[in-house]
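> Okay, handing you the structure first.
The values are calculated or read from the model by the stated rules, or taken from the named source; none is laboratory data. No experiment lies behind these values; they were computed from the predicted model shown. Every residue, glycine as well, gets a Cβ built from its backbone with ideal geometry; the counts of neighbours run over all protein chains shown.
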Amino acid sequence: MKRLFLSLLTLFGVALAQTPGVSDTEIRIGSFGPQSGPAAAWGTVMTAIGALFDHVNAQGGIHGRNLVLITRDDGYDPARSVAAVRELIDRERVFALVGGVGTANGLAVMPIVKREGIPWVSPSSGSSEFAAQSDGLIFATYTNYEVESALMTRYAVQDLESERIAIFYQNDGYGEEGLRGLEREVAALQEAGHDVTIVDRVSYERGETNMAVQALRLRGGEADTVVMYSTPGAAASLIAEFGRLEYTPRILASSTLLDPSLLANPGMQGALVATFMRLPSVIVGEGNGDPIADEVFNTIVVPYAPEAAQDPFRALAGVGFAQPLIVALEAAGPDLTREALLEALRGISGYDEGLFPNLDFTEGYQGNNSVMLLQMTPEGLRPASDYLTY
């Protein structure tokens, strides 16, 4: 009886010591985001993460373990995001999180992630708060909006000779980060001797649909360049009003405006839009695609998630968000623990084989600080700059 008791105690101790989400045969990874509701198109991100996992599993997995992606639909509602992540951690016992679409959604679940000590790779948002409040657990790969805005502003002044800049932005954390980046960079450029002025800061409220007042104000300020941090719908409304006013400023737009409906808008011809990752020929035209992005699209997205191939930007983003997780899982070795994964993530240095150029977490938790500018032309999107790095 004593021997049986000791055996049971040993087994119980092993069970307690076992890392959640890891067995001899699999690693369980969680993700959340909109698969229904008004932002359901962003569900492509999770579909593409699953495609990458299937590709890795087809090659033998990670140290003999298959990757299992467990997803939850939050309908783009932060309250549902919280419930989804609680379920992923408590019921599904995931080892780590990857992706997670939306700034408000991600910020809502951040306290849970930090309280439970869950590694979280690539929140799908450009908010600087994820890296700033990482607590060593959250690894951001999406170039944050403040850096993106600063880089676009620098390019506008130094390369396009813009002198009178205005910003059109959504009055929330997303838009305010774009505003901060613009203000910070203009101050630095003025200090360096450039003749540049912010002539106006024009905002709108989330849910507002008519941008006639904002368009009139921007035209009145006579800005030669307008930086945009808005939703695609608000941008389309503003562009329509610009057309009625016959106002044609140069437009530089956040990566959030790489939206198929907006790209097809004739009023956006000539506009420059930022991207934080390498793009394939299917997006930027034959012969213009990055070889790494072309390979990812053709060997991962098309064969493993053909439905996602119809939305190539979001599909590539999903793969890109998950690539550093794969790299770190390999580096963490067969004796996988959360601390081993975190150490491997912190060791990613100048990783240039994925969709994000020169990804690096050795000096902080914001791994990507680069953007490239694309121009909308009659033939489609075309590269307009090299990678700009902050």
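> Could you say which residue among Ala293, Ala322, Ala331 is part of a helix (DSSP H, G or I), free of Cβ contacts under 8 Å to residues at least 40 places away in the same chain and either farther than 19 Å from Leu137 by Cβ or out of contact with any Asp or Glu (no Cβ under 7 Å at 6 or more places or on another chain) (or both)? I'd like the intermediate steps shown before the answer.
Values: Ala293 fails: free of Cβ contacts under 8 Å to residues at least 40 places away in the same chain; Ala322 fails: free of Cβ contacts under 8 Å to residues at least 40 places away in the same chain.
Among Ala293, Ala322, Ala331, only Ala331 is part of a helix (DSSP H, G or I), free of Cβ contacts under 8 Å to residues at least 40 places away in the same chain and either farther than 19 Å from Leu137 by Cβ or out of contact with any Asp or Glu (no Cβ under 7 Å at 6 or more places or on another chain) (or both).
> Just to be sure I understand, how many residues within segment 152-178 are part of a helix (DSSP H, G or I), of a type in the set (Gly, Ala, Ser) and within 16 Å of Gln190 (Cβ to Cβ)? Explain how you work it out, then say what you get.
Step one: filter segment 152-178 for residues part of a helix (DSSP H, G or I), giving 152-158, 173-178.
Narrowing the set further to residues that are of a type in the set (Gly, Ala, Ser) leaves 156, 173, 175, 178.
Subset that is within 16 Å of Gln190 (Cβ to Cβ): 156.
Number of matching residues: 1.
> A further question follows. Quick one: in segment 30-55, of everything that is more than 18 Å from the chain's Cα centre (by Cα) and either crowded, with 21+ Cβ neighbours inside 10 Å or of a type outside the set (Asp, Glu) (or both), which residue is modelled with the lowest pLDDT?
First pass over segment 30-55, keeping only residues more than 18 Å from the chain's Cα centre (by Cα): 36-38, 53-55.
Checking which are either crowded, with 21+ Cβ neighbours inside 10 Å or of a type outside the set (Asp, Glu) (or both) leaves us with 36-38, 53, 55.
On the way: Ser36: 92, Gly37: 86, Pro38: 78, Phe53: 98, His55: 98.
Among residues in segment 30-55 that are more than 18 Å from the chain's Cα centre (by Cα) and either crowded, with 21+ Cβ neighbours inside 10 Å or of a type outside the set (Asp, Glu) (or both), the one modelled with the lowest pLDDT is Pro38.
> Could you give me the residue pairs with C-beta distances under 6 Å whose first residue belongs to segment 183-208 and is in the same structural domain as Glu163 (by TED's automatic domain parsing), whose second residue is hydroxyl-bearing (Ser, Thr, Tyr) and assigned to a helix (DSSP H, G or I) wherever it lies, and which are 6+ apart or on separate chains?
From residues that are in the same structural domain as Glu163 (by TED's automatic domain parsing), the pairs are Glu185/Thr153.
> State yes or no: is Ile118 over 14 Å from the mean Cα position of the chain (by Cα) and outside any loop (DSSP other than H, G, I, E, B)?
Working: over 14 Å from the mean Cα position of the chain (by Cα): yes; outside any loop (DSSP other than H, G, I, E, B): no.
Criteria not met by Ile118.
> Those residues that are within 17 Å of Ser36 (Cβ to Cβ), surrounded by fewer than 18 Cβ atoms within 10 Å (Cβ to Cβ) and free of Cβ contacts under 8 Å to residues at least 24 places away in the same chain, I need them from segment 56-88; list them, please.
Result: Ala83, Glu87.
> Restricting to segment 209-236, count the residues that are loosely packed, with under 15 Cβ neighbours inside 10 Å and in contact (Cβ under 8 Å) with a residue 40 or more places away in the chain.
The number of residues fulfilling the criteria is 1.
> Is segment 150-169 home to any residue that is among the small types (Gly, Ala, Ser), in contact (Cβ under 8 Å) with a residue 60 or more places away in the chain and closer than 30 Å to Leu325 by Cα? Write out each step before concluding.
Of segment 150-169, the ones among the small types (Gly, Ala, Ser) are 150, 156, 162, 166.
With in contact (Cβ under 8 Å) with a residue 60 or more places away in the chain added as a condition, the list becomes 150, 156, 162, 166.
This time we only want the ones that are closer than 30 Å to Leu325 by Cα, so: 150.
Yes, the conditions are met somewhere in segment 150-169.
> Restricting attention to segment 343-359, report how many residues are crowded, with 17+ Cβ neighbours inside 10 Å and either among the hydroxyl-bearing types (Ser, Thr, Tyr) or in contact with a strand residue (DSSP E or B) (Cβ under 9 Å, 6 or more places away or on another chain) (or both). Spell out how you get there, then give the answer.
Taking segment 343-359 as the starting set, the residues that turn out to be crowded, with 17+ Cβ neighbours inside 10 Å are 344-345, 348, 351, 354-357, 359.
Restricting the remaining residues to those that are either among the hydroxyl-bearing types (Ser, Thr, Tyr) or in contact with a strand residue (DSSP E or B) (Cβ under 9 Å, 6 or more places away or on another chain) (or both) gives 345, 348, 351, 356-357, 359.
Going through segment 343-359 one residue at a time, the tally reaches 6.
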